[in-house]
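**Student:** Okay, handing you the structure first.
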Amino acid sequence: MSRIGNRILTIPNGVQVKLDENNYLDVAGSKGNLNKFLPKGIKIIIDQEKKTISTERPNDNKQMKQLHGTVNSLVNGMLIGVSKGFTKHLEINGVGYRGNVQGDILNLSLGYSHPIKYDIPKGITIVSPKPTVLEISGIDKQLVGQVAAQIRQFRTPEPYKGKGIKYRDEIIRRKEGKSAGKSK
């Protein structure tokens, strides 16, 4: 029994949801439009009067059980994205490490011999309130997470000094360095 697949999703105010016969879901809200092809086996039930969406699986095959919760989560992410949006916060730690946004290019200085220029994809906005803080936001949850992970890959945090790019709520387990002057 899938708890996530059986939950009933509420359609927020100002959001329109359309589903065609090919399981093509189109969600429109104040922040923008999202559309996605969903797997054919899962039945999506939209109740416009109660403003709810629910998902049902036709049988208890392993693949249908797996898809049941996944489809429900995808629809929920689309509903939240077009009404509120998603945001990821990155922190840049290290002496001389910084980032700034110029137009649709993110310039990063991360201790390499050259600056890193990252082209910001369409549908994503990056704001740098401080040179060491980046806020990545958009309506597509998957794209926001992917962009944040790609930026983090340029200089992953290292465990000895803690230098690098990390998520705001990420905890880096610190290691002790070499012991200087072990006595025998």
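Values quoted throughout were computed directly from the atomic coordinates according to the rules given, and no laboratory measurement underlies them. All values reported here derive from a predicted model rather than from experimental measurement. Cβ sites come from the backbone with ideal geometry, for glycine too, and all protein chains shown count toward neighbours.
**Student:** Before anything else, pin down the relative contact order of segment 3-83: Cα pairs under 8 Å, at least 6 apart, normalised by residue count, whole percent.
**Tutor:** Computed over segment 3-83, the figure is 37 percent.
**Student:** Quick one: net charge of TYR118's neighbours, Cβ under 15 Å, K/R +1, D/E -1?
**Tutor:** Summing Lys/Arg as +1 and Asp/Glu as -1 gives +3.
**Student:** Looking at (i) 51, 33, 29; (ii) 71, 49, 24; (iii) 46, 39, 28, which value of Cα extents along the principal axes in Å comes from a calculation on the structure shown?
**Tutor:** (ii)
**Student:** In whole Å, what are the Cα extents of segment 86-167 along the three principal axes, biggest one first?
**Tutor:** Projected onto its principal axes, the Cα set of segment 86-167 covers 35, 24, 19 Å.
**Student:** Let me ask you something else. Just how many pairs of Lys in segment 3-83 have C-alpha atoms closer than 14 Å, counting pairs that are eight or more places apart or on different chains?
**Tutor:** Lysine pairs, 8 or more places apart or on different chains, close enough: 5.
**Student:** What net charge do the residues around ARG57 carry, taking every other residue with its C-beta under 15 Å from that of ARG57, with Lys and Arg at +1 and Asp and Glu at -1?
**Tutor:** With Lys, Arg at +1 and Asp, Glu at -1, the net is +4.
**Student:** Can you list the chymotrypsin sites (Phe, Trp or Tyr not before Pro) in segment 75-181 that are in a DSSP coil and have 13 or fewer other beta carbons within 10 angstrom?
**Tutor:** Taking segment 75-181 and a limit of 13 other Cβ atoms within 10 Å, the loop chymotrypsin sites (Phe, Trp or Tyr not before Pro) found are TYR112, TYR160.
**Student:** Choose one of GLN48, ASN23, LEU108: the residue whose Cα lies farthest towards the positive end of the charge dipole of the chain (beta-carbon charges +1 Lys, Arg; -1 Asp, Glu; about the Cα centre).
**Tutor:** Among GLN48, ASN23, LEU108, the one farthest towards the positive end of the dipole of the chain is LEU108.
**Student:** Within 10 Å of each candidate Cβ there may be at most 10 other Cβ atoms; applying that plus a DSSP loop requirement, which GluC sites (Glu not before Pro) in segment 80-184 survive?
**Tutor:** For GluC sites (Glu not before Pro) across segment 80-184 that sit outside H, G, I, E and B with at most 10 neighbouring Cβ atoms in 10 Å, the list reads GLU176.
**Student:** Also, quick follow-up: Take the alpha-carbon positions of segment 46-95, form their convex hull, and give its projected area averaged over all directions (one quarter of the hull surface) in nm².
**Tutor:** 6.2 nm²
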